[in-house]
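The block underneath contains the structure these notes are about, expressed in structure tokens.
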Amino acid sequence: MSASDALDPAVEVEAVHALLSTWLGTDAGPEVLERFAATQHDTFSMVTTSGARVSRSELLSSLRRARNSQPGLDIEISETEVLLTEGNVTVVRFMERHHVGGKHADRWTTAVLTTSGNPLRYSWRVLHETAVAPADS
């Protein structure tokens, strides 16, 4: 088994979202945001559920101001599916469920991850979120 085989994209997705929910949902120290930022490539960009394109620097600037802005936030990850692994590129899709204040919001997310370094680790390159409409009650 090669070093890249030992990397698990599902574990990566859950770990990064645990950092994000800790940052947004608690009075976490700055090291939490630093660990989150370290997962992103310098060219990282994302498309949000509202359709906005956001660069790494824009996202991190916004997050710096958002510490504990959603007290108690929990991000549940499910339905993780590896869509492609070729060379050092992995494309993964997963469902995010954001729980806060007794309510939840769902989104499908697709991410492009690359591997590099020694030890080998993932670097987030692209993220695209699509909101899921709430089910009719």
Nonlocal amide H pairs with THR80, under 5 Å, H built at 1.01 Å: MET95
Cβ-Cβ FRET estimate between SER78 and THR43, R0 fixed at 22 Å, reported to 0.05: 0.20
Square roots of 5 times each gyration tensor eigenvalue, C-alpha, the stretch 38-92, largest first, Å: 24, 17, 11
Computed [θ] at 222 nm, helices only, for the chain once each DSSP H run of length n ≥ 4 contributes -39500 (n - 2.57): -8500 deg cm²/dmol
Solution diffusion estimate, µm²/s, Stokes-Einstein, the stretch 11-56, Kirkwood Rh from C-alpha pairs, 20 °C, viscosity 1.002 mPa s: 185
Extension gain (nm, one decimal) between VAL126 and ARG64, 0.36 nm per residue minus Cα-Cα: 20.3 nm
Cβ charges +1 (Lys, Arg) and -1 (Asp, Glu), total dipole of the chain, debye: 500
Where Rh is the Kirkwood radius over Cα pairs, Rg/Rh for the chain: 0.96
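Values in this text are rule-based calculations from the coordinates and carry no lab data. The model shown is predicted, which means the values in this text are computed figures rather than measured ones. No Cβ is skipped: glycine too gets one built from the backbone with ideal geometry, and neighbour counts run over all protein chains shown.
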